[in-house]
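**Q** Below is a structure I'd like to ask you about.
The values are calculated or read from the model by the stated rules, or taken from the named source; none is laboratory data. Predicted, not measured: the structure shown is a model, and the values here were computed from it. Every residue, glycine as well, gets a Cβ built from its backbone with ideal geometry; the counts of neighbours run over all protein chains shown. Areas reflect the complete protein model, heavy atoms only, side chains present, ligands, DNA and RNA absent. Shrake-Rupley method; radii C 1.70, N 1.55, O 1.52, S 1.80 Å.
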Amino acid sequence: MSRRMTMIEAINDALDVTMGRDPAVVIMGEDVGYFGGVFRATAGLQKKYGKTRVFDTPISECGIIGVAVGMGAYGLRPVPEIQFADYIYPGLDQLVSEAARLRYRSAGEFIAPLTVRSPFGGGIFGGQTHSQSPEALFTHVAGLKTVIPSNPHDAKGLLIAAIEDNDPVIFFEPKRIYNGPFTGAYDRPVEPWNKHADSEVPEGYYTVPLGKARVVREGEAVTVLAYGTMVHVAHAVCLDKGVDAEVIDLRTLVPLDIETIRASVRKTGRCMIVHEATRTGGFGAELSALVQEHCFYDLEVPIERVTGFDTPYPHSLEWAYFPGAVRIGEALDRISKD
Amino acid sequence: MLLFPMKAWERIAVADFANQQPLALHVPEPKARPGVEPDWSGLTLPPAGAQPRPDETCAAAETWPLCTDLIRVLDEDGVAQGPWNPRLDAETLRTMLRNMALTRAFDERMFRGQRQGKTSFYMKCTGEEATSVAPAMALAADDMVFPSYRQQGILITRGYPLEDMINQIYSNKADKLKGRQLPIMYSARDYGFFTISGNLATQLPQAVGWAMASAISGDTRIAAAWVGEGSTAEGDFHSALTFATVYNAPVVLNVVNNQWAISSFSGFAGAERQTFAARAIGYGVAGLRVDGNDPLAVYAATRWAANRARSNAGSTLIEHFTYRAEGHSTSDDPSQYRSAQERSTWPLGDPIVRLKNHLIALGEWDENRQAAMDAELAEMVKAATRAAEANGVLGHGMHHPFHTMFEDVFETLPWHLREQSEQAMRERRIKWPDWRPEDGDEMP
């Protein structure tokens, strides 16, 4: 049994399923309780599971993450929400120095099985404080897993897997595609999820394993590595330009599915990496280095990185910042040359 | 149209400026630097027994007077006074004395061991023994503690094996933390002792979270945390107090005000303006300010706060007013930044001497028994040290197997860590060509 869902509905469903299965799962965050979250991801959950399992918190990301670490040490499985990824920085010490290293420093005596959910990415006119993609800050930290879904089916399966995982997981939800996939055509009406095959979400419990990428489209000409919103954008540009691309949705950045990447680049000999985050020190740099290390002799042309610019995310010039069809198209042209 | 009001505003601003004195920045400075005789006349010490003891379930605001007062039980003659006297029997008092004396004996030996090159680092708690031993005795054995780095007295009171503490300090092959942590950053889950972080004050919101989880689960255990006065300046302190009051968390938050954060005196955490206990009231949390060198007062305050938490009446912030008699750690020389006479003239005395005098005043102890106990404890620590040294000291090769460096980063080993561990093994073979993998030294 399955039904069509938006990404928000799929995330809500994943939370519902895990809360129903495991009384140790608790949800907390700013506005997540009675109101159900500013993006409605936790709608109805407080009513169903009670105020001590789904509750609002003070506006204190340091407190939210710190308290979640303590709850994890007790034996609960907290799923804190950080309202926007841009707000996560006050909680960084608790994530980087505490959650990420609890298992290591205590030699396994204490673990931090928390899943930090947070909407991220731009494309909704959020300005510089509601648009950031800070995934590289977390992929750089030993002991954290970073997961970014691109569709309702994966969002539910990955979130259930993340909550069940005994390591701390950063779960970034691309908010531009909460209610419909986005191909980069920002001047056209939003296409709803129910017309997209990946909005078919199985009912009840299932997982999408962490650390496994998905080949969205098989192709021979070029390998495209992307995650989140950019899977859809890059895919659309390849189709528009008639490039026989192999589009890979990474889904999990750490641990990374290097096998799928290696197999694809060995086949195509060309690799384009697309992410919305700023360029310098971005996760694309890591991907580029890995492809070079693993596939140097298979590469026919230099690796291309298509990213956001190294500026804060501007409000009025949002679509000039966004790595859309023109920027991706140019890179595709370069990489497709003999 | 716009010009007139701007001109008027400018005229006013210039005129005001001419009549004002220039602003001056206040940078706190301790009263006694090296070579200066300390002057304690600014420190008002109320008499023991004079502080009222409100009901444990009182409104937080009722504890306001106790936030600027100082709860004291033992007077100058070693007699227990007033409503905070916990009325402990002689056997319990002797156990408390023994735990504090053992903590001090342990510190002495480990400090010496560091100077002898057996480990890299050590931190004593000399003079502050009461602030960990007495709370550990006042809490239930299964209450969860989130210590900072100077609460070895809790582990000792809870009966954690000295040999295991020393194995950790030596980072040897028997170290339960596999040589990963700086010496004294213990972790002892079976003893309700949370893994110590080197990042300051992070344990405070974690303790609140643990307490919230206990309440969510309908448990009866409470949490307690310790932080130095210097670290109360961290944002985590504010987060912890906010969550504690919002959810009425069953937690006891201890501020050990030992006057010094390495070389920075308590003024850099705000002590020139207000006591640390006083912060509690602003959050709507109960606050107590306690003579931290009076083990009975510390015990009584902890018991009050624990009972309050256990009856769902809320959290308590306890300031333990004490003195760090030694350096911050083996890495600093306190004679470089503070008066050498501070320790000997500290008006609140020494917690071990004060409890000893109390027991003697009760006719339950004497100097001979004290000397015999000290000798016995020194011997006990020596024996534990010898046993731990058989497992190796730092830097002599008797560490955990090589591959354990890569374990516990994640629950299972991902491919990139497997690759890096193979690199580490290769490096080892290059450095020591004769080396052969011993049991457990290769990746499983």
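**Q** Name the shape class, rounded, prolate or oblate, that the alpha-carbon gyration tensor gives for region A:214-336, where a ≥ b ≥ c are the square roots of its eigenvalues, rounded holds for a/c under 1.5, and otherwise prolate holds if a/b is larger than b/c and oblate otherwise.
**A** Since a/c reaches 1.5 and a/b is larger than b/c, the shape of region A:214-336 is classed as prolate.
**Q** Using protein heavy atoms only (no ligands, DNA or RNA), what is the total accessible area buried between B and A, 1.4 Å probe, nearest 100 Å²?
**A** In total, this chain pair buries about 3600 Å².
**Q** Hey, what number do you get for chain B at 222 nm if only DSSP H runs of n ≥ 4 count, each worth -39500 (n - 2.57), divided across all residues, to the nearest 500?
**A** Calculated from helices alone, the mean residue ellipticity at 222 nm is -12500 deg cm²/dmol.
**Q** Moving on. Go through region A:123-197 and name the chymotrypsin sites (Phe, Trp or Tyr not before Pro) that are in a DSSP coil and have 16 or fewer other Cβ atoms within 10 Å of their Cβ.
**A** Passing both the DSSP loop test and the Cβ count: A:PHE125, A:TYR186.
**Q** Could you sort the peptides B:135-145, B:364-374 by per-residue average Cβ neighbour count (10 Å cutoff), highest mean leading?
**A** Output ranking for B:135-145, B:364-374: B:135-145, B:364-374.
**Q** What lysines could a cross-link reach from B:LYS124, if we take a straight Cα to Cα line under 27 Å and drop same-chain neighbours fewer than 8 places away?
**A** Partners found: B:LYS31, B:LYS173, B:LYS176, B:LYS178, B:LYS356, B:LYS382.
**Q** Decide, for chain B, between rounded, prolate and oblate: order the square roots of the alpha carbon gyration tensor eigenvalues as a ≥ b ≥ c, take rounded if a/c falls under 1.5, and otherwise choose prolate if a/b is larger than b/c, else oblate.
**A** Verdict is oblate for chain B.
**Q** Given the C-alpha centroids of region B:20-53 and region A:121-169, what is the distance between them in whole angstrom?
**A** For region B:20-53 versus region A:121-169, the Cα centre distance is 50 Å.
**Q** If you count, for every residue in A:96-105, the Cβ atoms of partner chains within 10 Å of its Cβ, what is the mean?
**A** Other-chain Cβ atoms within 10 Å of each residue's Cβ, averaged: 6.
**Q** Right, next: Under 5 Å between amide H atoms, partner at least 5 residues away or on a different chain: which partners does B:GLY228 have, H built in plane at 1.01 Å?
**A** B:VAL256
**Q** Provide a list, ordered by number, of residues in region B:180-215 showing at least 40 Å² less accessible area with every protein chain present than when their chain is taken on its own, using a 1.4 Å probe.
**A** B:ARG180, B:ARG189, B:PHE194, B:THR195, B:ASN199, B:PRO205, B:GLN206, B:TRP210, B:ALA213
**Q** Still on this structure, I have one more. Quick check on chain A: helices-only [θ] at 222 nm, where DSSP H runs of length 4 and up contribute -39,500 (n - 2.57) each and the sum goes over total residues. Nearest 500, please.
**A** Computed mean residue ellipticity for chain A: -9500 deg cm²/dmol.
**Q** At most 15 other Cβ atoms within 10 Å and a DSSP loop assignment: could you name the GluC sites (Glu not before Pro) in region B:64-125 that fit?
**A** B:GLU76
**Q** What average count of beta carbons from other chains do you get within 10 Å of the Cβ of residues in A:87-93?
**A** Taking the mean over all residues of the peptide, I get 2.
**Q** Now for a different question. With the other protein chains left in place, how much accessible area per residue, in square angstrom, belongs to the protein assembly as shown at a 1.4 angstrom probe?
**A** 40 Å²
**Q** Please return the longest stretch of chain A lacking exposed loop sites, where GluC sites (Glu not before Pro) count only if DSSP places them in a loop and at most 15 other Cβ atoms lie within 10 Å.
**A** With a cap of 15 other Cβ atoms within 10 Å, the longest stretch comes to A:1-202.
**Q** Arranged from highest to lowest average of other beta-carbon atoms within 10 Å per residue, in what order do the peptides B:375-387, B:339-351 appear?
**A** B:339-351, B:375-387
**Q** Across peptide B:231-238, what mean number of C-beta atoms from other chains lies inside 10 Å of a residue's C-beta?
**A** 3
**Q** Hey, got a sec? Which chymotrypsin sites (Phe, Trp or Tyr not before Pro) in region A:18-110 land in a DSSP loop and have at most 15 other Cβ atoms within 10 Å?
**A** A:TYR34, A:PHE35
**Q** From the phi angles alone, apply the Karplus equation (6.51, -1.76, 1.60; θ = phi - 60°) to region B:421-433 and give each ³J(HN,Hα) in whole Hz, x where the residue is Gly or Pro.
**A** 5, 5, 4, 4, 5, 4, 4, 5, 5, 5, 6, 10, x
**Q** Enumerate the amide H contacts of A:ILE273 below 5 Å, restricted to partners 5 or more residues apart or on another chain; note that Pro and chain-start residues carry no placed amide H.
**A** Excluding prolines and chain starts, which carry no amide H, the hits are A:LEU225, A:GLU304, A:ARG305, A:VAL306.
**Q** Report, in debye and to the nearest 20, how large the dipole of the protein assembly as shown comes out about its Cα centre when Lys and Arg carry +1 and Asp and Glu carry -1 on their Cβ.
**A** Dipole of the protein assembly as shown, to the nearest 20 debye: 220 debye.
**Q** What share of the DSSP beta bridges in chain B is antiparallel, in percent to the nearest 5?
**A** 15 percent
**Q** Which Cα, out of B:HIS26, B:SER187, A:PRO323, lies furthest along the positive dipole direction of the protein assembly as shown (beta carbon charges, K/R +1, D/E -1)?
**A** Ranked along the dipole, the leading option is A:PRO323.
**Q** Specify the inter-centroid distance of region B:132-166 and region A:81-99, based on alpha-carbon positions, in whole Å.
**A** Cα centroid of region B:132-166 versus Cα centroid of region A:81-99: 30 Å apart.
**Q** Next question, about the same structure. From the phi of every residue in region B:314-321, what ³J(HN,Hα) in whole Hz does the Karplus formula 6.51 cos²θ - 1.76 cosθ + 1.60 yield, where θ is phi - 60° and glycine or proline is x?
**A** For region B:314-321, the Karplus-derived couplings read x, 8, 9, 9, 10, 9, 9, 7 Hz, x marking Gly and Pro.
**Q** How big is the dipole moment of region A:2-202 about its Cα centre under a simple scheme where the beta carbon of each Lys and Arg is +1, that of each Asp and Glu is -1, and everything else is neutral? Debye, nearest 20, please.
**A** Using only the charged Cβ atoms, the result is roughly 360 debye.
**Q** Okay, next question. Can you work out ³J(HN,Hα) from phi for every residue in region A:144-156, in order, using Karplus 6.51 cos²θ - 1.76 cosθ + 1.60 and θ = phi - 60°, giving whole Hz and x for Gly and Pro?
**A** 10, 9, 10, 10, 9, x, 10, 7, x, 4, 5, 4, 5
**Q** Additional query: If you take the square roots of the eigenvalues of the alpha-carbon gyration tensor of region B:264-346 and sort them as a ≥ b ≥ c, do you get rounded (a/c under 1.5), prolate (a/b over b/c) or oblate?
**A** prolate
**Q** Ratio to report: Rg/Rh of region B:77-188, with Cα atoms as the point set and Rh obtained by the Kirkwood method; give two decimals.
**A** Radius of gyration over Kirkwood radius for region B:77-188 works out to 1.02.
**Q** So, one more: Over 29 Å between C-alpha atoms is what I'm after, so list which of A:LYS195/A:LYS267; A:LYS156/A:LYS337; A:LYS175/A:LYS195 land there.
**A** Checking Cα-Cα distances, A:LYS195/A:LYS267; A:LYS156/A:LYS337 exceed 29 Å.
**Q** If you don't mind, another one. Given contacts defined as C-alpha pairs under 8 Å and at least six residues apart, what's the relative contact order of region A:27-122, whole-number percent?
**A** 28 percent
**Q** Label points 7 Å out from Cα along the Cβ direction at A:SER336 and B:TRP432: separation in nm?
**A** For A:SER336 paired with B:TRP432, the spin-label model returns 5.8 nm.
**Q** On a C-alpha basis, how far is the centre of region B:348-400 from the centre of region A:188-238 in Å? Whole number, if you could?
**A** Centre-to-centre (Cα) distance: 65 Å.
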